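K.L.:
Have a look at the structure that comes next, please.
The values are calculated or read from the model by the stated rules, or taken from the named source; none is laboratory data. Quick caveat: nothing in here was measured; it's all calculated off a predicted structure. Note that we place each Cβ from the backbone using ideal geometry, even for glycine, and neighbour counts take in every protein chain shown.
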Amino acid sequence: MKKINLKKGLIKVLLISLITLLLVNSILTFLNGNIIVENNVLRERTELVKKSTSEIITDILHGADLGVRGYALTKNEKLIEPLTIVMHYKDSVFNKLKRQLEAEQYDTSDLEELRSSVNEYLALSNDMITMVRQDSVDKVIKILNEDRGYALWQKYKAFYEPLLTHEDTLNNEAQERYLTAVTNTRIIVIVLMLIGIPTLIYIMVRLSKDEKQLSRLLLKLDDQNRQYIFDSGTPLDVNDIDHVVENSIQNFQKANGFITNISAGNYSVEWEMLNDVNHSLNERNLAGNLIRMRDHLNQSKIDNERREWSASGLAELLALMQNQRNIKELGNIVVKYMVQYTKSNQACLFIEPVENDNTGKLELVSCYAWDKTRYINMTIGKHEGLVGQCWFEEEPILLAEVPQDYIQIASGLGNALPRCLYLAPIKSNDVIYGVLELASFNRFEQFEIDFINKACENIAACLFAVRITQKTDLLLSQYTDQIESLKSEIIALKERSEVL
């Protein structure tokens, strides 16, 4: 975990450094662009300043000299035109130059002095034109020989040279700023390349490793999910992280829903997508264990219900048989209750007669839902049919395939052959009192058979008690008859003795 955190921290530091360098490079590129623009603007402005300054000599002074000298030699009025033009735009030249210098915050006092000198020289030029018109050529030549233009040139030079130095200084400073910005940008680019390229390579390698690690993790997650939770048997694309994670979440949701249903007592719940095809794949995982737990709980519930059913049935049967003193009535109660409680269709009860013990015959004392005329005065001996065999062997008989000529169940729909037949000996303390026979359209399950056998033991105990009661009543009746007979004989003897 610590190693992973260190790698993540290193990647973050490298990315932050790379982003910082890109940001600095962008800022410097922007500033450098501004410097270039400013430098170009400054160059254009200095060139305009130089040009405007040159116009004082090239246009104004030279124009004035050209007009004066040409007119003085030829007296041609057209040759005065250069001077006339100069007089019209001289102020615009000086005003433009003043604005340019003020924009650079340059002192314009020398410019104003130069303007005054130029205006004086132009005024002199106009005077010389007037002199020529007045035929005072000698005066004009004298003035020209004085070369007053040279003095003006000296003033111009005194103004121009410092200005030129100033403009060159501005250009040099701008150039230095530009070169400094370019150098800084190059340094940043070099550092960016030195850090950025290894960083990108490292990140690409790291991402490739992380992708492979993620693929292995997703594959392991899918394998663990199938091994320990649920395996649908359908392969997944382990490169699709959403699909793998969603499948794991769905399996947890299935497990949670399954457990919730079981905890609520719903043992019929099924695990979604579990079928015969993938059943063998889920025998040892959570899905298989939950299915077995569900089946175990369901079986426990069924067993408890069957035990409760059996205990309740035996208690009800005992309550019905209590205080019964007649075997016929007891038999009717028994067969009716056993048919209804076990949901059978027919039943009959064969009992060894009380007054004929050890006769080797069983007597049909009660039946339910059978054709009663068939069993009037019906008796069965040992080894006779299934009843006689059950009586002789003292063991129950379960017949799942009833012979066609055995019995048929009568109903409103007609006569039908039962699917299952069960005969149980009525026995208690190794003494057999008869046989109970049940017929049903449904096969008797083991818990029903256990109930019937237990019920037969209780029936045997009640039969024993009823038989004892009947024998006691019979002996008491015989004893009473004997007493009454003795009383009659004593009275008769007493009467004869009185007569004698």
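K.L.:
Which one of these is over 22 Å from His279 (Cα atoms) and not in a helix (DSSP H, G or I): Val238, Val245, Val205?
P.N.:
Val238
K.L.:
Could I ask something else about it? For the condition assigned to a helix (DSSP H, G or I) and of a type in the set (A, V, I, L, M, F, W, C), what is the one hit in Val339, Val277?
P.N.:
Val339
K.L.:
Applying the selection to the range 59-88, what residues are under 13 Å from Met128 (Cα atoms) and without any contact (Cβ under 8 Å) to a residue 60 or more places away in the chain?
P.N.:
Within the range 59-88, Leu66, Gly70, Leu73, Lys75, Ile80, Leu83 qualify.
K.L.:
So, of the residues in the range 426-453 that are among the polar types (S, T, N, Q) and more than 52 Å from the chain's Cα centre (by Cα), which turns out to be nearest to Ser300 (Cα to Cα)?
P.N.:
If we take residues in the range 426-453 being among the polar types (S, T, N, Q) and more than 52 Å from the chain's Cα centre (by Cα), then Asn453 is nearest to Ser300 (Cα to Cα).
K.L.:
Right, something else. Taking the range 225-272, which residues are buried (at least 16 other Cβ atoms within 10 Å of the Cβ), closer than 29 Å to Ser300 by Cβ and among the hydrophobic types (A, V, I, L, M, F, W, C)?
P.N.:
Within the range 225-272, Ile229, Phe230, Ala255, Phe258, Ile262, Val269, Trp271 qualify.
K.L.:
Also, I was wondering about something else. Just to be sure I understand, how many residues within the range 70-93 are out of contact with any helix residue (DSSP H, G or I) (no Cβ under 9 Å at 6 or more places or on another chain) and among the small types (Gly, Ala, Ser)?
P.N.:
Selection size over the range 70-93: 1.
K.L.:
Filter the range 388-435 down to residues that are surrounded by 12 or more Cβ atoms within 10 Å (Cβ to Cβ), in contact with a strand residue (DSSP E or B) (Cβ under 8 Å, 6 or more places away or on another chain) and either modelled with pLDDT under 85 or assigned to a strand (DSSP E or B) (or both), then give me how many there are.
P.N.:
24
K.L.:
Quick one: in the range 81-137, of everything that is within 18 Å of Leu164 (Cβ to Cβ) and not in a helix (DSSP H, G or I), which residue is modelled with the lowest pLDDT?
P.N.:
Glu104
K.L.:
Tell me whether the range 418-427 contains one or more residues that are touching a helix residue (DSSP H, G or I) at 6+ places or on another chain (Cβ under 9 Å) and β-branched (Val, Ile, Thr).
P.N.:
Within the range 418-427, one or more residues are touching a helix residue (DSSP H, G or I) at 6+ places or on another chain (Cβ under 9 Å) and β-branched (Val, Ile, Thr).
K.L.:
How many residues, within the range 146-167, are surrounded by fewer than 16 Cβ atoms within 10 Å (Cβ to Cβ), within 30 Å of Arg43 (Cβ to Cβ) and free of Cβ contacts under 8 Å to residues at least 60 places away in the same chain?
P.N.:
The total comes to 6.
Yes/no matrix, rows are residues, columns are (1) hydroxyl-bearing (Ser, Thr, Tyr); (2) within 28 Å of Thr108 (Cβ to Cβ); (3) in a helix (DSSP H, G or I); (4) modelled with pLDDT under 80:
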residue	(1), (2), (3), (4)
Leu6	no, no, yes, yes
Ser26	yes, no, yes, yes
Glu38	no, yes, yes, yes
Lys51	no, yes, yes, no
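K.L.:
Which residues, counting only those in the range 25-71, are crowded, with 16+ Cβ neighbours inside 10 Å and among the aliphatic types (A, V, I, L, M)?
P.N.:
Within the range 25-71, Leu28, Ile35, Leu42, Val49, Ile56, Ile57, Ile60, Leu61, Ala64, Leu66, Val68 meet the criteria.
K.L.:
On the given criteria, is Arg43 modelled with pLDDT under 80 and closer than 25 Å to Ala151 by Cβ?
P.N.:
No.
K.L.:
Could you please let me know if Leu42 is aliphatic (A, V, I, L, M) and farther than 24 Å from Ser117 by Cα?
P.N.:
Against the criterion (aliphatic (A, V, I, L, M) and farther than 24 Å from Ser117 by Cα), Leu42 qualifies.
K.L.:
Return the only residue of Leu320, Leu290 being touching a residue at least 24 places away in the same chain (Cβ under 8 Å) and of a type in the set (A, V, I, L, M, F, W, C).
P.N.:
Of the residues listed, the single one that is touching a residue at least 24 places away in the same chain (Cβ under 8 Å) and of a type in the set (A, V, I, L, M, F, W, C) is Leu290.
K.L.:
I would also like to ask the following. So which residues in the range 443-465 are farther than 27 Å from Asn323 by Cβ and of a type in the set (Phe, Trp, Tyr)?
P.N.:
Passing the criteria: Phe444, Phe447.
K.L.:
A further question on this structure: Within the range 131-145, can one find any residue that is hydroxyl-bearing (Ser, Thr, Tyr), under 27 Å from Glu55 (Cβ atoms) and either surrounded by fewer than 15 Cβ atoms within 10 Å (Cβ to Cβ) or more than 60 Å from the chain's Cα centre (by Cα) (or both)?
P.N.:
no
K.L.:
Taking the residues in the range 342-380 that are assigned to a helix (DSSP H, G or I) and over 25 Å from Val431 (Cβ atoms) as candidates, determine which candidate is modelled with the highest pLDDT.
P.N.:
Selected residue: Lys372.
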